[in-house]
Amino acid sequence: MSDSKKINLLLVEDDEFMRQSAPEYLAAEGFYVLLAEDAAGALAAACEYSPEIVIVDLVIPPDAVSGRSRRHARHGLRLVKQLKALSPAPGVVVFSAHEEHGKEILELVSQGVRGIAYILKGQPAGDLLEAIRGTLAGEVHFAPEVRINTRTPAEAFLELCTLAEERPWIKRGLERFEALTLRELEIARLLAASQTTPAVAKALCIEPKTAEAHIRNIYAKLGLDGMDAQAPHLNARSLFVKICSLYELQHNHLEQL
């Protein structure tokens with residue numbers, strides 16, 4: 001792959017072995033790799049170079065001055081939130097030796113964050129590439145090994161990140177998700193990633209009116225078109241994003257069984 005086609009990737013990692021081995025592997029897979037070893041340095045690099053993807057080890061120092069003695073997951077979590085608040089926001093792969101922080105990442109997903117993955121160190125290298133591809137596509141990806149209080153990410157998301165009155169709508173939408181056409185799936189992923197209707201139309205080289213018609217069909221197929229009359233206190237857009245995220249969480253898990 002030529003340099004002009006390489007994808008900019010920022011690796012945030014303070015472990016010396018990982019800083020030496022991971023860039024070589026990622027470069028061989030077609031990425032132009034930038035390095036940072038603390039939260040402040042990573043955010044500065046992201047603002048300056050606008051990488052398409054950022055791989056974050058959660059347990060990192062807050063800044064270069066603090067050093068490894070102040071390594072903590074809260075610094076990595078704060079960095080993830082800051083990265084996803086950038087415009088445009090990069091895809092973020094949380095690459096951690098600890099699975100207990102999956103709940104915090106799920107909470108971000110429940111707030112509408114997309115293009116995010118949570119995978120564990122020690123898994124095959126292909127798992128990292130799969131997570132990168134998913135986040136670049138704006139998807140939500142959790143490694144199947146991750147458990148949140150013994151529950152799968154999909155089970156935990158439904159229990160912890162949805163309201164009881166939302167769940168019938170979400171479950172009905174999930175049951176109908178497979179009815180979407182390939183084109184509707186493309187549009188659903190773009191919409192869930194906070195793309196506007198004109199942006200969706202531009203990305204897919206279709207007319208805005210065509211995009212609008214597809215969106216109406218998607219909402220109808222998922223059973224969300226009658227919400228204004230049946231459940232005006234619920235937000236159809238929020239439910240749509242949760243349906244998409246939960247579908248991807250379930251799909252990631254089942255693919256790996």
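Which of the residues that make up the range 1-12 are under 19 Å from the mean Cα position of the chain (by Cα) and either closer than 23 Å to H75 by Cβ or modelled with pLDDT under 90 (or both)?
Within the range 1-12, N8, L9, L10, L11, V12 meet the criteria.
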Kindly list, by first and then second residue, each pair from a residue in the range 15-41 that is without any contact (Cβ under 8 Å) to a residue 60 or more places away in the chain and of a type in the set (V, I, T) to a residue that is buried (at least 18 other Cβ atoms within 10 Å of the Cβ) and in a helix (DSSP H, G or I), limited to pairs with Cβ atoms under 9 Å and residues at least 6 apart or on different chains.
-> V33/A22; V33/P23; V33/L26
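Provide a single number: the residues in the range 24-53 that are among the charged types (D, E, K, R), farther than 17 Å from A85 by Cβ and within 21 Å of the chain's Cα centre (by Cα).
Summing the residues that are among the charged types (D, E, K, R), farther than 17 Å from A85 by Cβ and within 21 Å of the chain's Cα centre (by Cα) in the range 24-53 gives 1.
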State which residue pairs qualify: first residue closer than 18 Å to D228 by Cα and touching a residue at least 24 places away in the same chain (Cβ under 8 Å) and inside the range 145-173, second residue hydroxyl-bearing (S, T, Y) and surrounded by 16 or more Cβ atoms within 10 Å (Cβ to Cβ) in any location, beta carbons under 8 Å apart, and separation of 6 or more residues or different chains.
-> I170/T162
Any residue in the range 99-108 that is in a loop (DSSP other than H, G, I, E, B), farther than 21 Å from C161 by Cα and either touching a residue at least 40 places away in the same chain (Cβ under 8 Å) or touching a Lys or Arg at 6+ places or on another chain (Cβ under 8 Å) (or both)?
-> no
Of these, V94, V113, which one is at pLDDT below 95, closer than 24 Å to L246 by Cα, among the β-branched types (V, I, T) and not in a loop (DSSP other than H, G, I, E, B)?
-> V94
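Here is a yes/no grid of residues against (1) surrounded by 18 or more Cβ atoms within 10 Å (Cβ to Cβ); (2) modelled with pLDDT under 85; (3) closer than 26 Å to Q123 by Cβ; (4) outside the structural domain of L239 (by TED's automatic domain parsing):
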{"site": "A42", "(1), (2), (3), (4)": "yes, no, yes, yes"}
{"site": "S50", "(1), (2), (3), (4)": "no, no, no, yes"}
{"site": "I53", "(1), (2), (3), (4)": "yes, no, yes, yes"}
{"site": "V56", "(1), (2), (3), (4)": "yes, no, yes, yes"}
{"site": "P61", "(1), (2), (3), (4)": "yes, no, yes, yes"}
{"site": "R78", "(1), (2), (3), (4)": "no, no, yes, yes"}
{"site": "S87", "(1), (2), (3), (4)": "no, yes, no, yes"}
{"site": "E99", "(1), (2), (3), (4)": "no, yes, yes, yes"}
{"site": "L108", "(1), (2), (3), (4)": "yes, no, yes, yes"}
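Let's see how each residue does on (1) more than 21 Å from the chain's Cα centre (by Cα); (2) surrounded by 15 or more Cβ atoms within 10 Å (Cβ to Cβ):
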| position | (1), (2) |
| --- | --- |
| L190 | no, yes |
| T196 | no, no |
| H214 | yes, yes |
| G223 | yes, yes |
| D228 | yes, no |
| H233 | yes, no |
| C244 | no, yes |
| Q250 | no, yes |
What number of residues in the range 217-229 are modelled with pLDDT of 90 or more and in a helix (DSSP H, G or I)?
-> 5
Report whether or not L86 is out of contact with any strand residue (DSSP E or B) (no Cβ under 7 Å at 6 or more places or on another chain) and part of a loop (DSSP other than H, G, I, E, B).
-> yes
Failed condition for E29, given (1) surrounded by 20 or more Cβ atoms within 10 Å (Cβ to Cβ); (2) within 23 Å of F142 (Cα to Cα); (3) of a type in the set (D, E, K, R), with all others met?
-> (1)
Spot the failing condition for T135; the list is (1) crowded, with 21+ Cβ neighbours inside 10 Å; (2) outside any helix (DSSP H, G or I); (3) hydroxyl-bearing (S, T, Y), and only one is missed.
-> (2)
Name every residue in the range 146-179 that is surrounded by 18 or more Cβ atoms within 10 Å (Cβ to Cβ) and over 21 Å from the mean Cα position of the chain (by Cα), in order of residue number.
-> E166, W169
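The values are calculated or read from the model by the stated rules, or taken from the named source; none is laboratory data. This is a predicted model, so every value here is computed, not measured. All Cβ positions, even for glycine, are placed from backbone atoms using ideal geometry, and neighbour counts span all protein chains on display.
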